[in-house]
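The block underneath contains the structure these notes are about, expressed in structure tokens.
Read-outs throughout are calculated quantities, based only on the coordinates presented, and are distinct from any laboratory measurement. Remember, predicted model here, so these are calculated numbers, not experimental data. Cβ: placed from backbone, ideal geometry, glycine included. Neighbour counts: every protein chain shown.
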Amino acid sequence: MTMKRILHCDANNFYASVECMLDPTLKDKFVAVSGNPDKRHGIILAKNQKAKECGIKTGEVIWEAKRKCPQLVLVPPQYDKYVEYSNKIFDIYCQYTDRVEPFGIDECWLDVSGSMRLFHSAENIADELRARIKKEIGITISVGVSFNKVFAKLGSDMKKPDATTIIDEDNFKTKVWQLDVTDMLMIGRRTAKKLNEIGINTIGDLAKANPDILERKFGINGRKMYDNANGANDEEVRLYYDAHVPKSIGNSTTLPKDITNRAEAKAVIMALSEMVAIRLRRHDFVAGGMHLGIKYNDLSYIGKQIKLPLKINSANSLCDCAMQIYDSFRLILPIRALSVSTFDLSSGSENIQLSLLDDIEKSDKLCRLDKSLDEIRKKYGYDALKSASLMEYPFITDGLVDSDFVPFKK
């Protein structure tokens, strides 16, 4: 029986590393990729190693980061470049195994169990990947090597940058069990707080806990956490080109200034609906449910979802449904942020039942029009064509396209 060996590869400080590679003058500076403070996206999205050593943290606001590091150089994100270099890295991964499961744009698992005959060991593969990506791409990765996905992920986090960490059947108790429970996959702050309340602070505490008590308190996730802590996770690494239907597809935006009327809200919702529709069609999905979220300028939030009578992937149809939800709210404050998301997704190649009242010819024309718009925008960018309603509010719709719009090769 082949011994299972799984790698977790994580590109170090990926966004910032790509920026420093593209602009060599940034190499020896304190660099952070940030949103635009004028549009209230003024947070740190990523930082390089030098900035990290100054205490700069992802997600903190720019003024806090600048106070820690006055010499910090801020650069705007270039999502198309991040996707381009991510795809180059994944192309290298796929030369070693077909079991490559992305976990975001900059990290993934590789099952190299069947490749060790060629490369002698999983550690050799990890070290070769680090060397190749540094030489051929120009950035570094950290790799965890283990016998399951959870410990492989732990390994890549334990030593950065540019390192290989091995957690095997013989050493996992000494390497892993002393770590805080928040270091393990699936355990966030809220879950960790509940674990702390019953005396579980480390992964070792979790491994030695009563699994029945964990299951009563956390449901099925309690048993999963217990198994993960004991190295009993047996989840497979998915094939890279396996079709995967996500649970939802959505887009959101924080507005450059508060909006106070329906027309402005509809312009934003239309823009978000277009981006969601583009992503649905790109992956040949249709949606059977819609959710609209609104954040007020006091940061309070309201949201509502509805099931759709027909499965759709048209921007106009999505916008109409979102506006139905919008009109059902009693808005009390100016709006700071909006989100549109779809759920109950299925393949668009499935037959979609049309009601007898639907104008089939009109639906077919709209479908062909949407596909034509997709092709134009794919070639020339989202801003090449805009709905007339969006042109009335350029201050709202400018900059709405984010990393979700950039196609990630799968």
The size of the Cβ-based charge dipole (Lys, Arg +1; Asp, Glu -1) of region 235-322 about the Cα centre, to the nearest 20 debye, is 220
In nm, what is the difference between 0.36 nm times the number of residues separating LEU179 and MET158 and their Cα-Cα distance?
6.6 nm
Among the listed pairs LYS153/LYS194; LYS4/LYS160; LYS193/LYS304; LYS88/LYS311; LYS47/LYS217, give every one whose C-alpha distance is greater than 26 Å.
LYS193/LYS304; LYS88/LYS311; LYS47/LYS217
For region 138-269, rounded, prolate or oblate, judged on the Cα gyration tensor with a ≥ b ≥ c (square roots of eigenvalues), a/c < 1.5 rounded, else prolate if a/b > b/c?
prolate
Computed FRET efficiency, Cβ-Cβ of ALA232 and ARG189, R0 25 Å: what is it to the nearest 0.05?
0.55
Cα→Cβ-extended label distance, 7 Å offset, between ILE213 and TYR301, nm
3.2
Calculated diffusion of region 12-165, Stokes-Einstein form, Kirkwood radius summed over Cα pairs, 20 °C and 1.002 mPa s, µm²/s:
130
Determine the dipole magnitude for region 154-262: charges of +1 sit on the beta-carbon of Lys and Arg, -1 on that of Asp and Glu, nothing else is charged, the reference point is the Cα centre, and the result goes in debye to the nearest 20.
720
